[in-house]
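*Asks:* The structure under discussion is supplied below as structure tokens; questions concerning it will follow.
The values are calculated or read from the model by the stated rules, or taken from the named source; none is laboratory data. For clarity, every value in this text was computed on a predicted model and none was experimentally measured. Here Cβ is always computed from backbone atoms with ideal geometry, including for glycine, and neighbour counts include all displayed protein chains. Heavy atoms of the whole protein, side chains included, go into the accessibility calculation; ligands, DNA and RNA do not. Shrake-Rupley method; radii C 1.70, N 1.55, O 1.52, S 1.80 Å.
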Amino acid sequence: MAEPYPTFSWEEQHELELRVSPFYTEYLEKPVELRHRALVLLRAQHVAFLKRGLRNLSESHRVLDASRPWLCYWAMHGLCLLGEEIPEDVASDVVAFLALCQDPEGGYGGGPKQIAHLASTYAAVCTLLTLGTDKAFASMNRESMLRFILRMKVPLSDPVYGGGFRMHPTGEVDIRGTYTAIAVAEMLDIKTEEVMEGVGDFVARSQTYEGGMGGEPGTEAHGGYAFCGLATHIMLGCKTGLDIHKLARWAVFRQGSVEGGFMGRTNKLVDGCYSFWMGGLFPLLRRLLPPLDLEGLAALLPAEGQQGGTRLVEDEVEEVQGSKILGSTDIFARVWPAASLGEACTSESDDEECPPLIPPGR
């Protein structure tokens, strides 16, 4: 059916669907018993790529100099998802590096001597907990972390942003900061009443007329922010006033009809990273609502390239981001689709008609 009001992104998505449809047609024409054999996770290539990234990154990663804890997290998280053991010397080096990023006043910066930032703090804490060594645990200062989180909290007297968290001193206030603050407090067992007070109201104000969640009140619904908002809702004991049914409706309509993956916003391209952020909504929603059918998410698997990346075809156009089908690959694009497979594999339900998307052992 023709789109009566086509936009640039709609036309781009439509063109992409025409290009990738033959790959899906070929897959669906295979006998059912052969389909799973065609979906092979190139584990060795992924592991090699992530391990290289811990020691050496390409020149293009220089723009992430203020996000170095994230580079540690993406690599460690990916290796953990793939069941790869982290060598002791590598783990020790990562802990030592993140210690250099820890601010004496609490939190972690994007690199040594950089100011503390909630996103970098979240990445650093997740990395250290993933490593799980005594040295990693001992390196985190919980007392100064609590003080940092409370400094980032917006006073409840603010009618729009009250209860939210700034990403860094004088920085922006959005649902990312709120999620990362509450998640760090949850992981480090410092989620005090003072931390949680009023947070639910800010989360509820960030829900849009569509049902999704924007970065802050009054902004467009977005997959990443929706995950952050719903996860925060659950960590607060489901006491935020979110309209869960409306959120679920918005989420299911973000799934692409051809690829089976998800777009992050209405009328945008399907993107591999949103298989995590959008796909990650459904295990959470499953805890709050009757079971939902997520079978289409399994279509993510054919998007894997022969070099262990997240794409279908080699040597394609570079202007399409690597987390989208037919694009190039990078460490960011690699981890989130892999994480979405972890969600699919471990998602559980008592309903026999709603089993894990991918049977254990696949």
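*Asks:* With (1) crowded, with 21+ Cβ neighbours inside 10 Å; (2) modelled with pLDDT under 90; (3) of a type in the set (S, T, N, Q) as the list, and ASN56 as the residue in question, which single condition is left unmet?
*Replies:* It fails just one condition, (1).
*Asks:* Looking only at segment 192-216, how many residues end up being free of Cβ contacts under 8 Å to residues at least 12 places away in the same chain and among the hydrophobic types (A, V, I, L, M, F, W, C)?
*Replies:* Going through segment 192-216 one residue at a time, the tally reaches 0.
*Asks:* Just give me the residues in segment 235-285 being surrounded by fewer than 16 Cβ atoms within 10 Å (Cβ to Cβ) and either of a type in the set (D, E, K, R) or in a helix (DSSP H, G or I) (or both), in sequence order.
*Replies:* Within segment 235-285, LYS239, ASP243, HIS245, LYS246, ARG249 meet the criteria.
*Asks:* Confirm whether ILE175 is in contact with a Lys or Arg (Cβ under 8 Å, 6 or more places away or on another chain) and either more than 28 Å from THR266 (Cα to Cα) or touching a residue at least 40 places away in the same chain (Cβ under 8 Å) (or both).
*Replies:* Spelling it out, it is not the case that ILE175 is in contact with a Lys or Arg (Cβ under 8 Å, 6 or more places away or on another chain) and either more than 28 Å from THR266 (Cα to Cα) or touching a residue at least 40 places away in the same chain (Cβ under 8 Å) (or both).
*Asks:* Examine segment 9-19 for a residue that is charged (D, E, K, R) and free of Cβ contacts under 8 Å to residues at least 12 places away in the same chain, and state whether such a residue exists.
*Replies:* yes
*Asks:* Which one of the conditions (1) over 28 Å from ARG254 (Cβ atoms); (2) free of Cβ contacts under 8 Å to residues at least 60 places away in the same chain does PRO22 fail to meet, given that it meets all the rest?
*Replies:* Unmet for PRO22, out of (1) over 28 Å from ARG254 (Cβ atoms); (2) free of Cβ contacts under 8 Å to residues at least 60 places away in the same chain: (1).
*Asks:* Also, I was wondering about something else. Do we have ALA96 as open to solvent by less than 60 Å² (accessible area, probe 1.4 Å), in contact with a Ser or Thr (Cβ under 9 Å, 6 or more places away or on another chain) and free of Cβ contacts under 8 Å to residues at least 24 places away in the same chain here?
*Replies:* Yes; evaluated as a whole, the condition is true for this residue.
*Asks:* Right, here's the next one. Can you name every residue in segment 1-37 that is small (Gly, Ala, Ser) and exposed (fewer than 10 other Cβ atoms within 10 Å of the Cβ)?
*Replies:* ALA2
*Asks:* Mind counting the residues in segment 59-99 that are aliphatic (A, V, I, L, M) and touching a strand residue (DSSP E or B) at 6+ places or on another chain (Cβ under 9 Å)?
*Replies:* 2
*Asks:* Okay, moving on. Is it fair to say LYS113 is surrounded by fewer than 17 Cβ atoms within 10 Å (Cβ to Cβ) and within 30 Å of MET152 (Cβ to Cβ)?
*Replies:* The answer is yes for LYS113.
*Asks:* Identify, from the list GLU197, GLU220, GLU210, the residue that is open to solvent by 50 Å² or more (accessible area, probe 1.4 Å) and touching a Phe, Trp or Tyr at 6+ places or on another chain (Cβ under 6 Å).
*Replies:* Checking each option against the conditions leaves just GLU210.
*Asks:* Same structure again: Could you identify the single residue in LEU188, LEU129, LEU150 that is open to solvent by 30 Å² or more (accessible area, probe 1.4 Å), touching a residue at least 12 places away in the same chain (Cβ under 8 Å) and either more than 24 Å from the chain's Cα centre (by Cα) or farther than 21 Å from LEU71 by Cβ (or both)?
*Replies:* LEU150 is the lone residue from the list that is open to solvent by 30 Å² or more (accessible area, probe 1.4 Å), touching a residue at least 12 places away in the same chain (Cβ under 8 Å) and either more than 24 Å from the chain's Cα centre (by Cα) or farther than 21 Å from LEU71 by Cβ (or both).
*Asks:* Quick one: count up the residues across segment 69-87 that are among the β-branched types (Val, Ile, Thr) and open to solvent by 60 Å² or more (accessible area, probe 1.4 Å).
*Replies:* 0
*Asks:* When you look at THR219, is it closer than 30 Å to ALA66 by Cα, of a type in the set (S, T, N, Q) and in contact (Cβ under 8 Å) with a residue 24 or more places away in the chain, yes or no?
*Replies:* No; evaluated as a whole, the condition is false for this residue.
*Asks:* Continuing with the same structure: Do any helices (runs of 4 or more DSSP H) entirely within segment 65-145 hold 2 or more residues that are more than 30 Å from GLY215 (Cα to Cα) and among the acidic types (Asp, Glu), and if so, which?
*Replies:* Passing ranges, in order: 88-101.
*Asks:* When you scan segment 37-45, do you find a residue that is in a helix (DSSP H, G or I), farther than 30 Å from TYR122 by Cβ, within 23 Å of the chain's Cα centre (by Cα) and in contact (Cβ under 8 Å) with a residue 40 or more places away in the chain, even just one?
*Replies:* Checking segment 37-45: not a single residue is in a helix (DSSP H, G or I), farther than 30 Å from TYR122 by Cβ, within 23 Å of the chain's Cα centre (by Cα) and in contact (Cβ under 8 Å) with a residue 40 or more places away in the chain.
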